Amino acid sequence: MSPCINIDGWRSNIRFSSAHIIPEYEKCGSLHGHTYAVHAKINGEMDDKGIIMDFSLLKETLRGIVNRLDHKILIPRASKLLKIEKEKNNVKLSLLNKQYVLPINDCIFLPVSSTSAENLASYILNELVKKLSLHRQIESIEIGVDEGYGQGARVSKKN
Ligand SMILES: [Zn+2]
């Protein structure tokens with residue numbers, strides 16, 4: 001097993017606070033919010049300096065990704081249950097028998113079918129892979145998203 005590096009989002013301040021709706025679940029079907037933390041684990045071989053990857057580069061890249069989500073309403077663009085209509089400065093969300101009209105600048109539209117912790121972790125992982133040029137010695141990347149302290153989802157990808 002190759003060595004790994006770990007980033008803990010709570011302790012490294014890679015966090016964001018956002019609102020969302022998960023129409024698939026009755027309890028989460030109302031607009032509500034969480035503070036999320038993003039964790040990362042990277043497995044790979046060390047370079048000749050004894051480093052798998054620069055911690056600060058990884059943290060800065062993750063912060064750049066999560067800052068776009070911070071203090072926004074997370075809208076799942078690919079949702080089958082949520083009807084999304086963009087008007088001039090607003091977005092109208094219809095789900096089941098409810099409608100929300102929200103300022104468009106307060107929203108971020110994500111390419112996911114629901115804004116579960118699992119899907120947010122996949123989204124962040126994909127963004128991270130796009131932004132980092134990963135050298136060959138990196139074998140896998142894992143991203144964790146905690147929805148509040150003590151519960152979260154993890155996804156991983158081989159390089
Ligand atoms: Zn929630």
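The values are calculated or read from the model by the stated rules, or taken from the named source; none is laboratory data. Computed from a prediction, not measured in an experiment: that's the story for all the values here. Note that each Cβ is placed from the backbone with ideal geometry, even for glycine, and that neighbours are counted across all protein chains shown. These accessible areas exclude ligands, DNA and RNA; they are computed on the full protein's heavy atoms, side chains included. Shrake-Rupley method; radii C 1.70, N 1.55, O 1.52, S 1.80 Å.
Things worth noting here:
- Surface per residue (accessible, 1.4 Å probe) for the stretch 40-142, Å²: 56
- Links that overshoot a 23 Å alpha carbon limit, given the list Lys86/Lys130; Lys72/Lys92; Lys49/Lys157; Lys41/Lys130; Lys83/Lys157: Lys86/Lys130; Lys49/Lys157; Lys83/Lys157
- Under-5 Å amide H pairs with Leu110, H placed in peptide plane, nonlocal only: Ile75, Arg77
- Solvent-accessible area, 1.4 Å probe, carbon plus sulfur percent, for the chain: 47
- Shown in residue order for the stretch 134-148 are the 3J(HN,Hα) couplings computed by the Karplus curve 6.51 cos²θ - 1.76 cosθ + 1.60 at θ = phi - 60°: 8, 6, 4, 6, 7, 9, 8, 10, 10, 10, x, 10, 8, 9, x Hz (x for Gly and Pro).
- Cα shape, the stretch 1-41, gyration tensor, a/c 1.5 rule: oblate
- Highest-fluctuation residue, Lys98, Lys83, Lys41 considered, GNM on the chain with Cα pairs under 10 Å: Lys98
- Derived scalar couplings between HN and Hα for the stretch 70-87 equal 5, 6, 10, 9, 8, 10, x, 4, 9, 5, 8, 9, 9, 9, 10, 10, 8, 9 Hz in order, rounded to whole Hz, by the Karplus curve 6.51 cos²θ - 1.76 cosθ + 1.60 (θ = phi - 60°), x for Gly and Pro.
- 0 to 90° range, to nearest 10: angle between helix 117-131 axis and the chain longest Cα axis: 50
- Taking amide hydrogens as placed 1.01 Å from N in the peptide plane, the amide H of Ile52 sits under 5 Å from those of Asp47, each at least 5 positions away in sequence or on another chain.
- Phi-based couplings in Hz for the stretch 90-95 (Karplus 6.51, -1.76, 1.60; Gly and Pro marked x): 10, 10, 9, 10, 10, 9
- Charge-dipole axis of the stretch 1-146 as Lys and Arg at +1 and Asp and Glu at -1 on Cβ define it, positive-most pick from Asn105, Ile21, Asn6: Asn105
- Relative to the longest principal axis of the Cα atoms of the chain, the long axis of helix 55-67 lies at roughly 10 degrees.
- The stretch 58-150 shape via C-alpha gyration tensor axes, a/c threshold 1.5: prolate
- Each 10 Å bin from zero holds the following percent of Cα-Cα pairs in the stretch 1-120: 12, 37, 26, 16, 8, 2.
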